[in-house]
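S.K.: Input: one structure, supplied below.
The values are calculated or read from the model by the stated rules, or taken from the named source; none is laboratory data. Small disclaimer: the values here were computed from a predicted structure and weren't measured. Cβ placement follows ideal geometry from the backbone for every residue including glycine, while neighbour counts extend to all protein chains displayed. Ligands, DNA and RNA are stripped out before the accessible areas are found, and what is left, the full protein with its side chains, is counted by its heavy atoms. Shrake-Rupley method; radii C 1.70, N 1.55, O 1.52, S 1.80 Å.
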Amino acid sequence: LNLVINDRIKLDNFTMIAHAFQDSVDFLARWNNWDEIANRGNLRANMLLSKPPGSAHPYMAIRVLPTTITTYDTIWSVNPCQIFIDSNNITIQDFSISHNQDLFGLNGKISPDPEDVVDIIFRNFNLGNLNIATNPKGFQIGGTLNGEASFSGLYNNPLIVSDIGIDSQIVIVEKLST
């Protein structure tokens, strides 16, 4: 089975294994293209389901376990993090993925409360790492991204505050047909 995400990212030989218990699920998602240029991963997580007293909605606590993912032969470390989901709130604690000096991080809360903030962090992030998504659309990007961005009010009145810099930005567009 191949999983295609947004017509851009293809996960070959995708499998998902889950072990369900009374109030929790342990799961593993894995993929491997078995090609000369490796695209593979094993993503493990535990999910605890509960219904808080007096609440009409379930609560999910997801713990992502440390692992590695390989894209275009580049090995990325996925660090342990936690994600909490209830009726209209998503809280992400300490998500980060890194390769050597490249780092992408995500931390914060998305909710109807305009004071809740989600922070995104880029440290020495090579934009060429995103070409897995841009190649199928006929272009490639390059450069190094550094900085932070904060998102708030995402439900009603989005506000983005950022201090992000791109060193040596490159965009290559290939004409695929005439």
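S.K.: With a 1.4 Å probe and all protein chains kept in place, how do Phe151, Phe21 rank by accessible area, largest first? Walk me through the intermediate numbers first.
M.R.: Working: Phe151 50, Phe21 120 Å².
Largest accessible area first, the residues go Phe21, Phe151.
S.K.: Okay, moving on. Give the Kirkwood hydrodynamic radius (Å, one decimal) of region 9-98, defined as one over the mean of 1/r across all pairs of different Cα atoms. Show your work: numbers first, answer last.
M.R.: Details: mean 1/r = 0.0685 Å⁻¹.
By the Kirkwood definition, the hydrodynamic radius is 14.6 Å.
S.K.: Still on this model: Within region 68-178, what whole-number % of the accessible surface is contributed by carbon and sulfur, with the 1.4 Å probe and all protein chains included in the calculation?
M.R.: On the way: 3460 of 6630 Å².
Accessible surface attributable to carbon and sulfur in region 68-178 totals 52 percent.
S.K.: What's the local net charge at Thr91, with K and R +1, D and E -1, over the other residues with C-beta under 10 Å away? Don't jump to the answer; show the numbers that get you there.
M.R.: Working: positive: Lys109; negative: Asp86, Asp116.
Net charge around Thr91: -1.
S.K.: Now for a separate question. Residues with beta-carbon under 13 Å from that of Pro58, excluding Pro58: net charge, scoring Lys, Arg +1 and Asp, Glu -1? Walk me through the intermediate numbers first.
M.R.: Numbers: positive: Lys51; negative: Asp23, Asp86.
Local charge sum for Pro58: -1.
S.K.: Suppose a student asked you for the relative contact order of region 1-130, using Cα pairs under 8 Å spaced at least 6 residues apart; what percent would you report?
M.R.: Numbers: 300 pairs, mean separation 16.3, N = 130.
Relative CO of region 1-130 lands at 13 percent.
S.K.: On a full-extension model of 0.36 nm per residue, what is the gain between Asn89 and Leu3, subtracting their alpha-carbon distance, rounded to one decimal in nm?
M.R.: Contour length minus the Cα-Cα distance gives 28.2 nm.
S.K.: Tell me the per residue accessible area of the chain using a 1.4 Å probe; a whole number in Å² is fine.
M.R.: Working: 11400 Å² over 178 residues.
Heavy-atom SASA per residue in the chain reads 64 Å².
S.K.: I've got another one for you. Around Gly147, with a cut-off of 14 angstrom between Cβ atoms, what is the net charge of the other residues, counting Lys and Arg +1 and Asp and Glu -1?
M.R.: Details: positive: Arg123; negative: Asp102, Asp119, Glu148, Asp163, Asp167.
Cβ neighbours under 14 Å give a net charge of -4.
S.K.: Could you work out the Kirkwood radius for region 84-123, taking every pair of different alpha carbons, averaging 1/r and inverting it, reported in Å? Kindly include the intermediate steps, with their values, before the conclusion.
M.R.: Values: mean 1/r = 0.0908 Å⁻¹.
It works out to 11.0 Å.
S.K.: Ignoring solvent entirely, what values of log10 I(q)/I(0) come out of the Debye formula for region 33-178 at 0.11 Å⁻¹ when each Cα is a single scatterer?
M.R.: -0.57
S.K.: Work from the charge dipole of the chain (Cβ charges, +1 for Lys and Arg, -1 for Asp and Glu, about the Cα centre) and give the residue of Pro66, Asn13, Asn124 farthest towards its positive end.
M.R.: Among Pro66, Asn13, Asn124, the one farthest towards the positive end of the dipole of the chain is Asn13.
S.K.: Sticking with this one: Leaving out ligands, DNA and RNA but keeping every protein chain, what accessible area does Tyr155 have, in Å² rounded to the nearest 10, with a 1.4 Å probe?
M.R.: Only protein atoms counted, so the area is about 110 Å².
S.K.: I'd like the accessible area for His19: 1.4 Å probe, protein heavy atoms, all chains in place, Å² to the nearest 10.
M.R.: 110 Å²
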